[in-house]
Amino acid sequence: MMKLGSAAAVASGFVGVAALLYYERWKRLELEARVDAMMAEEGKDAQKRNKKSGSGARYPPGVKALIMVSGESSQVGKSSVCLGLLGSILEKGLATPDEVAYIKPATQCEKPTLISKFCRSKNVESVPIGPVVFFSGFTRSFVEGSQGTSEQWLDKVYEAVYKLAQGKKYVIVDGVGYPSVGSICGLSNAHIANKLNAPVLLVGKKGVGDAVDTTNRNIAFFETLGVTVLGSVFNRLSDTGYYALEKCKHTVTMFFTKFKPEHTVYGFIPEAKELVGANEAPTKPSSDQRAPGKEKVGLKASDDVRMDASDEAKASIFIKLFSEHVDLKALLVHAENSFQGRAQISSPPPAGKPSSAAVPDSRAEIERQAKAGGAKGG
């Protein structure tokens, strides 16, 4: 009886072991199935990301690159960097004035700026006020369905850039505010860069920790929409003290070299005291606008406002600083390689789709209502 009991116990043990092995194999197969499913889903996500990585925008032959300049915030120096880019390209003989162009496709400010006056004075074709203007009340009106769709506005931006790019080598696209400005309408810097297939140059702030942290955040925002970020220039650095240019340059460059080598740091631009508030000084109206009985209206960047002697001096100072402190050659090579690898050249723009959206409400009426309600911005 003991032998029979022992045999039964052994048999029971074998059955238990077999059941355990079977259970472990089943769990392993289940885990493998889950991993396979996750990989398949990741593949789908990758396909979606690839679809978002560019709109297939087409451009006229001869265009070497579009470059969007975006930055951490307003007043970080985006338009100044656009000025430095254009001025340096012209001064180095890399293009003639009729081979470069400037556009600010979305804006919050319509007054003349140093870059808009520079373009007028140097006969550089420009669109300083593009299709999208975030006037007071615009965003609320958009969300309520009274301003068309994101796609319609993005098509307008692309059509404006395509028209401007005719016969050009380089087109500089000026961003608005910080990278996500306009995202409530699907018209952020990243949405526009994606539509245009334009690689992005970021303008970073002075300092070290905050400069790197905000740059990393901005890179991530653009990359969520498949936009290529070429690298950064850091602007308005002091020449003395703990945050002096050379000290910040050393640490910031070390970070990107060690931890984010794909992100190129093209330069560190010192602050020029002569340029502080360069875009804040009011532009004087013409004598015709001061005539009795004339409605007192401010000049806009789209008006034919050119540089005076003071503006000429400020532009020359910054272009010189940009040329001395930024690796323009590397920036243009990277921009050309990125743009040529994504955009389609020698093809006409796609025919626009007929719009079924309602005609946008009057800007004047929207602004009147917004201001009456206490609005201070878009």
Taking only C-alpha pairs under 8 Å that are 6+ residues apart, what is the relative contact order of region 93-179 in percent? 46
Sequence ranges 174-187, 136-149, 363-376, ranked by mean other-Cβ count within 10 angstrom, highest first: 174-187, 136-149, 363-376
Which translational diffusion coefficient, to the nearest whole µm²/s, is obtained for region 103-261 from the Stokes-Einstein equation, given a Kirkwood hydrodynamic radius over C-alpha pairs, 20 °C and 1.002 mPa s? 123
Segment residue 159-residue 365, extension gain: residue separation times 0.36 nm, minus the distance between their alpha carbons: 71.5 nm
Whole-Hz couplings from phi, Karplus 6.51/-1.76/1.60, listed for region 93-109; x for Gly and Pro: x, 7, 6, 8, x, 7, 10, 10, 8, 9, 9, 10, x, 9, 8, 10, 10
Skipping prolines and chain starts, which residues have an amide H placed within reach, meaning under 5 Å, of the one on residue 269, given they are 5 or more residues away or on another chain? 234, 235, 236, 237
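Run the count for region 150-216, please: Lys pairs, Cα-Cα under 23 angstrom, 8 or more apart or on different chains.
Summing the qualifying lysine pairs gives 6.
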Which percent of the accessible heavy-atom area of region 111-254 goes to carbon and sulfur, probe 1.4 angstrom? 52
For residue 168, residues with placed amide H under 5 Å, excluding near neighbours: none
Figure the gain on full extension for residue 324 and residue 260 (residue separation times 0.36 nm, minus the Cα-Cα span) and round it to one decimal in nm. 20.6 nm
Amide H within-cut-off set for residue 263, under 5 Å, with H built and near neighbours excluded: none
Provide the per residue accessible area, probe 1.4 Å, for region 176-258, rounded to a whole number of square angstrom. 40
Taking the convex hull of the alpha-carbon atoms of region 176-259 and averaging its shadow over every direction gives an area in square nanometres of 5.7
For region 153-193, just the Cα set please: Rg and Dmax, both in angstrom. 11.2, 34
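The values are calculated or read from the model by the stated rules, or taken from the named source; none is laboratory data. Quick caveat, the model's predicted, so the values are computed rather than measured. Don't worry about glycine lacking a Cβ; one is built from the backbone with ideal geometry, like all the others, and counts go over all protein chains shown. Just the protein is used for accessible areas: all its heavy atoms, side chains included, with ligands, DNA and RNA removed. Shrake-Rupley method; radii C 1.70, N 1.55, O 1.52, S 1.80 Å.
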